[in-house]
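Report on one structure; see the data block that follows.
Please treat every number below as a calculation from the coordinates, not as lab data. Remember, predicted model here, so these are calculated numbers, not experimental data. Note: ideal-geometry Cβ built from the backbone for every residue, glycine included; neighbour counts use all protein chains shown.
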Amino acid sequence: MTAKGGLSAEKYLGITGTTRPTATRDLQDLVSKRALTRTGERKHTRYYPNLSSKYRMRSLHEPKPLNG
C-alpha cells in the first residue's frame, strides 16, 4: 500500500484473492478498528493506514487489560 495512492478495494481483491463481499467486510472492519482511514466514495474510495499516535497495532490482536 503506497502512501501516494492508498489502497483501493480492487487492489485489496488482487492482494488477498478474496471475494468482493469479504473484501468489503474486511475493509469495513479495519476502518471500524481504526487501523485504516477511508477517504472518497464509490470507485474513488481509498484506504490509508492510520498512523496517529493514539492508535496502537496491539489493540487489534490483544485484549485490553482488565484494570483499565
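Worth pointing out:
- Charged side chains reduced to their Cβ positions (Lys and Arg at +1, Asp and Glu at -1) give the stretch 9-51 a dipole of some 100 debye around its Cα centre.
- R0 of 30 Å, Cβ-Cβ distance Ser52-Thr24: FRET efficiency to nearest 0.05: 0.80
- Per principal axis, descending, Cα span of the stretch 9-51 in whole Å: 26, 20, 15
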